[in-house]
Amino acid sequence: MNKEEILAKSRQENKNRDIAELENGKSAAKFAIITSAIFSGVLFILEAVITGHNNNSLWAMLAFMNCMMCGYKAFRLGNKKMRPAAILWGFCTIIVLILAIIDFTEKSVL
């Protein structure tokens, strides 16, 4: 095989997508998730210190985000080591979501 045949086969396997572009997209998504988690944690701490109230809906969002990441790796990509993490994050999401709903109903004006 010459260079052109190898490149053509590679393009066909990758469905004309640039591998470097795909990797950059993955890196950007990881960066966004990590910085979002840090930002959410800072907001949670500020709200707890300033108002004395814990924002359970913010924790539910963070737990759900982690559940989906682990769940995708475990069940979509077939990484069996991630299954316990996905299940634990799922339980955590449910618990914090219930606490958030309780907070909503206590503060409801209806």
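The values are calculated or read from the model by the stated rules, or taken from the named source; none is laboratory data. Remember, predicted model here, so these are calculated numbers, not experimental data. Don't worry about glycine lacking a Cβ; one is built from the backbone with ideal geometry, like all the others, and counts go over all protein chains shown. Please note that ligands, DNA and RNA were not included when accessible areas were found on the heavy atoms of the full protein model with its side chains. Shrake-Rupley method; radii C 1.70, N 1.55, O 1.52, S 1.80 Å.
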Name the pairs: first residue in segment 84-103 and open to solvent by less than 50 Å² (accessible area, probe 1.4 Å), second residue of a type in the set (Ser, Thr, Tyr), Cβ to Cβ under 9 Å, at least 6 apart or on different chains? 86/72; 96/57; 100/57; 103/57
Matching entry among 39, 64, 31 (being open to solvent by 50 Å² or more (accessible area, probe 1.4 Å), farther than 30 Å from residue 107 by Cβ, in a helix (DSSP H, G or I) and at pLDDT 85 or above): 31
Quick one: is residue 3 surrounded by 11 or more Cβ atoms within 10 Å (Cβ to Cβ) and among the basic types (Lys, Arg)? no
Selection status of residue 50, at pLDDT 90 or above, in a helix (DSSP H, G or I) and over 26 Å from residue 26 (Cα atoms): yes
